[in-house]
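S.K.: Provided herewith is a single structure, encoded as structure tokens, for subsequent inquiry.
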Amino acid sequence: MTKPIVHAVPSLAVSGPQAEVHSLLDALIAKRLEEVAEIEQMVQRYERRIQKEEQAYRTMSTLRKLLSGKKPDHHAAVEYIHYVKKPLEKARKLREEIARYETMKQNGESIED
């Protein structure tokens, strides 16, 4: 008689879904970190551009200053909110999300939004 075929279940089969979840969390964390880096670069580019504009305005002659004018303060404030404050708030939320994913990864919890 032939012996029955017995499949040995490796111990990795139990942790297979767990390993898959960890790899998905790692990918998600990496993606969020890239988004945070992009946001910070965008804010830095905006701040450099504003500094250059302010420096160019300061170096102008009085007549050119009168003719060119300067942005009203409320316009500068709205630009700051749009280009700096809101993106940095989004980056802060992404960092909180990353921290939550890290704790899930350490504790072995499932992803719940």
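S.K.: Could you tell me whether Arg100 is at pLDDT 90 or above and not β-branched (Val, Ile, Thr)?
M.R.: Numbers: at pLDDT 90 or above: yes; not β-branched (Val, Ile, Thr): yes.
Yes; evaluated as a whole, the condition is true for this residue.
S.K.: Out of Tyr101, Tyr57, Tyr46, Tyr83, report the one residue that is surrounded by 13 or more Cβ atoms within 10 Å (Cβ to Cβ) and touching a Leu at 6+ places or on another chain (Cβ under 9 Å). Break it down into steps so the answer makes sense when it comes.
M.R.: Working: Tyr57 fails: touching a Leu at 6+ places or on another chain (Cβ under 9 Å); Tyr46 fails: touching a Leu at 6+ places or on another chain (Cβ under 9 Å); Tyr83 fails: touching a Leu at 6+ places or on another chain (Cβ under 9 Å).
On inspection, the qualifying residue turns out to be Tyr101.
S.K.: Which residue pairs have Cβ atoms under 8 Å apart, sit 6 or more places apart or on different chains, and have a first residue in region 86-107 that is among the β-branched types (Val, Ile, Thr) and a second that is in a helix (DSSP H, G or I) and surrounded by 14 or more Cβ atoms within 10 Å (Cβ to Cβ)?
M.R.: Here the result reads Ile98/Ile29; Ile98/Arg32; Ile98/Val36, each pair linking region 86-107 to a residue that is in a helix (DSSP H, G or I) and surrounded by 14 or more Cβ atoms within 10 Å (Cβ to Cβ).
S.K.: Next question. Residue by residue through region 35-62, note down the ones that are in a helix (DSSP H, G or I), free of Cβ contacts under 8 Å to residues at least 24 places away in the same chain and of a type in the set (Ser, Thr, Tyr).
M.R.: Result: Tyr57, Thr59, Thr62.
S.K.: What number of residues within region 63-93 are more than 18 Å from Glu40 (Cβ to Cβ) and either under 20 Å from the mean Cα position of the chain (by Cα) or in a helix (DSSP H, G or I) (or both)? Even if it seems obvious, please write down each step before you answer.
M.R.: Step one: of region 63-93, the residues more than 18 Å from Glu40 (Cβ to Cβ) are 63-78.
When the remaining residues are screened for being either under 20 Å from the mean Cα position of the chain (by Cα) or in a helix (DSSP H, G or I) (or both), the result is 63-68, 73-78.
Within region 63-93, residues that are more than 18 Å from Glu40 (Cβ to Cβ) and either under 20 Å from the mean Cα position of the chain (by Cα) or in a helix (DSSP H, G or I) (or both) number 12.
S.K.: Identify, by number, the condition in (1) in contact with a helix residue (DSSP H, G or I) (Cβ under 9 Å, 6 or more places away or on another chain); (2) modelled with pLDDT of 95 or more that His22 doesn't meet.
M.R.: For His22, the failing item is (2).
S.K.: Here's something else I'd like to know. Please go through region 24-79 and pick out each residue that is among the polar types (S, T, N, Q) and under 26 Å from Arg92 (Cβ atoms). Reasoning before the result, please.
M.R.: As a first pass, look at region 24-79 and keep what is among the polar types (S, T, N, Q): 41, 44, 51, 55, 59, 61-62, 68.
Passing the criteria: Gln41, Gln44, Gln51.
S.K.: When you go through Val78, Val6 one by one, which is the residue that is of a type in the set (A, V, I, L, M) and modelled with pLDDT under 90?
M.R.: Details: Val78 fails: modelled with pLDDT under 90.
Result of the check over Val78, Val6: Val6.
S.K.: Still on this structure: Among (1) surrounded by fewer than 13 Cβ atoms within 10 Å (Cβ to Cβ); (2) more than 30 Å from Gly108 (Cα to Cα); (3) not small (Gly, Ala, Ser), which single condition is Glu20 missing?
M.R.: Here Glu20 meets the rest and fails (2).
The values are calculated or read from the model by the stated rules, or taken from the named source; none is laboratory data. From a predicted model like this one, the values you see are computed outputs, not experimental measurements. Note that we place each Cβ from the backbone using ideal geometry, even for glycine, and neighbour counts take in every protein chain shown.
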